[in-house]
1. Rounded to the nearest 20 debye, what is the charge dipole size of the chain about its Cα centre when +1 sits on each Lys and Arg Cβ and -1 on each Asp and Glu Cβ?
2. Run lengths n ≥ 4 of DSSP H only: what is the helix-derived mean residue ellipticity at 222 nm for the chain, with -39500 (n - 2.57) per run over all residues, to the nearest 500?
3. Given labels modelled 7 Å from the Cα in the Cβ direction, how far is it in nm from HIS8 to ILE78?
4. Out of these labelled values of Cα extents along the principal axes in Å, [x] 82, 49, 36; [y] 62, 56, 34; [z] 45, 39, 36, which was calculated from the coordinates shown here?
5. Loop-only check: which chymotrypsin sites (Phe, Trp or Tyr not before Pro) in the stretch 185-246 are DSSP coil with at most 13 other Cβ within 10 angstrom?
6. Helix 174-190 versus the longest principal axis of the chain: what angle, 0 to 90°, nearest 10, using Cα atoms?
7. Between TYR240 and TYR19, how high is the FRET efficiency from 1/(1 + (r/R0)^6) when r is the Cβ-Cβ distance and R₀ = 22 Å? Nearest 0.05.
8. Over the chain, what is the relative contact order in percent, taking alpha-carbon pairs closer than 8 angstrom and at least six residues apart?
Amino acid sequence: LETGYILHLSHGKKKQCVYEFIDRVGDEWMSRVEAVAVDMNSDFEEAFLERCPHLRIVFDYFHIVKNFNEKVITKVRIAEQKRLKEEGREDEAKALKGVKYILTSNRSTLEKKDEDAAEGRLVSKESKLFNKPEVRAKGGQMAKYLKLIEENALLSTCDIVKTMLQEAYKCTEEDKMREKIKEIISTCRSTQNSYFCNFAKLLENHLDGITSHAVYHISTGRLEGINNLIKTVRRTGYGYPDDEYFFLKLFDRSRR
């Protein structure tokens, strides 16, 4: 997590990948590891705990929010748009088209967009050669977001849950974080909406791993960066048919 060095590379996402990693570094090395940040892949969690039951599994903020954005906000927006169309409320349905980015963004991000627009920030330069106009940052992002959540109860609940998740992940005491996550579960279930209820179930099933973040403030952020490095190296070399050579090249690049 400090250096970004790649310790192990493997094919696939199954338990065997974790077993191979543990075999590579050894049980004695793993005995000094206190916690491991993983994504929502249950195989990784189970494999680490099978071989190293002393470990604390940590589910980071990024993957929880990503799950909420994809499986709740996006699906609720689509379902609400469909419902409004069926009810003949075309204008309201049209207002929900093309707003995925606004609904899944943090308020701070939308406020920054509005600030950029007020300052006239340049997004893309004009190109007479390619007949491309100048593009500047557009404002009104926050106002549009507030209007959307004001007019729809489920989208308003999405906003509330997003804020509650942010507050929960700021906790440094495990008991307090557990209380906050349980409040989120209760809020989701109170909607009686299937997407919210499924998310509540996900939080409940991963509660220990989520609240571990209050003790161990680690994430898979570094790993996501390494994933981008892997893609960049592969593109630079126009692909590598020899996996062994490719893997060794990645080990080398991570240590520069």
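1. Taking the Cα centre of the chain as origin, the dipole is about 1120 debye.
2. Mean residue ellipticity at 222 nm (helix-derived): -18500 deg cm²/dmol.
3. Once both label points are built, they end up 3.6 nm from each other.
4. Working out Cα extents along the principal axes in Å from the coordinates points to [y].
5. TYR238
6. Helix 174-190 sits at roughly 40 degrees to that axis.
7. Given R0 = 22 Å and the Cβ-Cβ separation, E is 0.30.
8. Rounded, it is 23 percent for the chain.
The values are calculated or read from the model by the stated rules, or taken from the named source; none is laboratory data. Everything quoted here is computed from the prediction, not taken from an experiment. We place every Cβ from the backbone using ideal geometry, glycine too, and count neighbours over all the protein chains shown. Ligands, DNA and RNA are excluded from the accessible area calculation, which covers all protein heavy atoms including side chains. Shrake-Rupley method; radii C 1.70, N 1.55, O 1.52, S 1.80 Å.
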